[in-house]
Amino acid sequence: MEKILVLGAGTGGLVAANLLASHGYKVTLIERSDTHLFQPGMLWIAFQGHSPSRYTRPVKDLVRPGVELVKGSVAGIDLGDRLVYLADGRIFTYTTLIIALGAQLDYEAVPGHRELVERYGDFYSGAQAAARMWSHLRELVRGRLVIAAADPLYKCPPAPHKAAFLAAHTLRRMGRLDSVEVHLALPFLHEYPSEVVARIVAPKLEEAGVNVSTLFTVESIDVDKGRIYSLEGEEIDFSLAAVIPVHRGPSVKVEPGEVLDEDGFVKVDRYKLNVEGYDDAYAIGDASNAPTSKTGVTAHLGAEVVVDRIMGLDSRFNGRTNCPIVANGEASFVISSYDYPPVPVKFSRFKRMLEDLFIASYWSSLKYPERWAPIFRAYFNATDPRVISGGW
Ligand SMILES: Cc1cc2nc3c(=O)[nH]c(=O)nc-3n(C[C@H](O)[C@H](O)[C@H](O)COP(=O)(O)OP(=O)(O)OC[C@H]3O[C@@H](n4cnc5c(N)ncnc54)[C@H](O)[C@@H]3O)c2cc1C
């Protein structure tokens, strides 16, 4: 009898488990937290003062019949013997495994980072930390808000840009943009890793009143002095700062260790998403080393591919991204795939409406992915980078 085990009830794990259940499979889903957080919501909590409750739901409410939800922390995976160990000593066996444990945030990699987050919060480590950032932003009357990153690899590549746009918008509304500078310090050569996207984003940042430093990768932070030092030898003073942490693969012991890359991400076949060397184990979303952006969209699309493959279909993941960049009343998307670098996508109010629709559909699309599949498929086909390679 088939025993499907899904590890992690984040975006990818919930889509995979619920989709399998819709096809009649019995699935066990293991998750350590009682609450699911819509991670992009942290931006709205931190920089627009939204309530955290708007972006969190009990995991049990997101799981449908046919999925057995187990509360527990995964400590180890033995791929050879098909065993999963929990921290409390429970052991699970499986015939098929889906690893959807997300990325781990390393606040120790950069000296001073833990202290910075404890003092000011941020928009990566959770809803409460985001609320802490908002309480400081609300009080910031003059000085400099710095948004920076400790490594070029992090989930949602446009997240710091969105943070800067939202913060600048809020400060403008409060009448403080003249006395508070919003400064975006990025570890890239341009305003975005892709030059095509940078050419579209840079004028919008300027229009919003955001100053930008490029080639600035955070090396250390002196919280008492209010200063950030970069690997490239620069420094910048802040009154308030949020630094995106170094990301690593899940904090779980995996046997054999060779299936993990040097940062702990699970090595997969980029198209089939099976763990390298194993046909009965898959890794989706942020936990995998698939060479595409770490986003909810890629986790969702990867989950669909893995479910198809478990059902015997030869679906392949094409690395499609659809990362929204939300600016003042408008949005653009970073659209790419394994075969196509990002295409030029202009900011527009219509795309902002699309993004708001995607956000509104989030909870339902986790629980009932098959209902949303035709709508999402139509969107992804219409905006395939091959179709809109000249721009959208
Ligand atoms: C500020 C911000 C903005 C973002 N904006 C966007 C956006 O606009 N669009 C977009 O598509 N994506 C966005 N993302 C990225 C997106 O949220 C993630 O890429 C997505 O959630 C990844 O899904 P996942 O299933 O791989 O991992 P996650 O959703 O992180 O889920 C992992 C799950 O595993 C659980 N877990 C971890 N370790 C264990 C363990 N040992 N035992 C048991 N359970 C465990 C966790 O509790 C969690 O529930 C954003 C992220 C951030 C931080």
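What the table below lists for this structure:
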quantity: Overall dimensions of the chain by Cα: Rg and Dmax, Å; calculated: 20.7, 66
quantity: GNM top mover of I359, I284, I375 - the chain, alpha-carbon springs below 10 Å; calculated: I375
quantity: Share of alpha-carbon pairs per 10 Å distance bin for the stretch 106-247, given as whole %; calculated: 12, 46, 36, 5
quantity: FRET efficiency estimate (nearest 0.05) - Cβ-Cβ, A360 to R142, R0 35 angstrom; calculated: 0.45
quantity: log₁₀ of I(q)/I(0) at q = 0.14, 0.21, 0.22 Å⁻¹ - the stretch 304-392, Debye sum with one point per alpha carbon; calculated: -0.56, -1.14, -1.21
quantity: Per-pair calculated FRET efficiency, R0 = 30 Å: K3 and K346 via Cβ, rounded to 0.05; calculated: 0.05
quantity: Footprinting exposure proxy for D314, D280 (fewest neighbouring C-beta atoms within 10 Å first); calculated: D314, D280
quantity: With Cα atoms, 0 to 90° folded angle of helix 11-22 axis to the chain main axis; calculated: 30
quantity: Net charge contributed by nearby residues that have their C-beta within less than 15 Å of H136 (K/R +1, D/E -1); calculated: +2
quantity: The stretch 154-230: trypsin sites (Lys or Arg not before Pro) in DSSP loop, at most 13 other beta carbons within 10 Å; calculated: K225
quantity: Taking the convex hull of Cα positions in the stretch 50-99, its mean projected area over all directions (nm²); calculated: 5.0
quantity: Ranked list, fewest to most other Cβ atoms within 10 Å of each Cβ, for Y192, Y271, Y282; calculated: Y271, Y192, Y282
quantity: Angle between the chain longest axis and helix 159-173 axis [Cα atoms, degrees, rounded to 10]; calculated: 40
quantity: Aspartates and glutamates whose Cα lies under 12 Å from that of K253, excluding same-chain neighbours fewer than 8 positions away; calculated: D78
quantity: Antiparallel content of DSSP bridges confined to the chain, in %, to 5; calculated: 45
quantity: The chain, relative contact order [Cα under 8 Å, separation at least 6], %; calculated: 18
quantity: Equivalent-ellipsoid semi-axes of the stretch 172-252, from the Cα gyration tensor, Å, largest first; calculated: 23, 20, 13
quantity: Table column - 3J(HN,Hα) (Hz), the stretch 332-343, Karplus curve with 6.51, -1.76, 1.60, x for Gly and Pro; calculated: 10, 10, 8, 10, 7, 8, 4, 8, 10, x, x, 9
quantity: Diffusion constant of the stretch 143-207 at 4 °C, which comes from Stokes-Einstein with the Kirkwood Cα-pair radius and 1.567 mPa s, µm²/s; calculated: 104
quantity: Evaluated over the stretch 1-96, the Cα radius of gyration and Dmax, each in Å; calculated: 15.2, 50
quantity: Sparsely packed GluC sites (Glu not before Pro) within the stretch 258-347, loop by DSSP, other Cβ within 10 Å at most 13; calculated: E262
quantity: Sparse-neighbour loop sites [trypsin sites (Lys or Arg not before Pro); the stretch 24-86; at most 13 other C-beta within 10 Å; DSSP]; calculated: K26
quantity: Ellipticity estimate at 222 nm from DSSP helix runs (n ≥ 4, -39,500 (n - 2.57)) divided over the chain, nearest 500; calculated: -9500 deg cm²/dmol
quantity: Between 0 and 90°, nearest 10: helix 127-139 axis offset from the chain longest Cα axis; calculated: 10
quantity: Gain upon complete extension [D314, D279; 0.36 nm per residue less C-alpha separation]; calculated: 11.3 nm
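FYI, it's all coordinate maths here, none of it is from the lab. For clarity, every value in this text was computed on a predicted model and none was experimentally measured. FYI the Cβ positions are ideal-geometry reconstructions off the backbone, even for glycines, and counts take in every protein chain you see.
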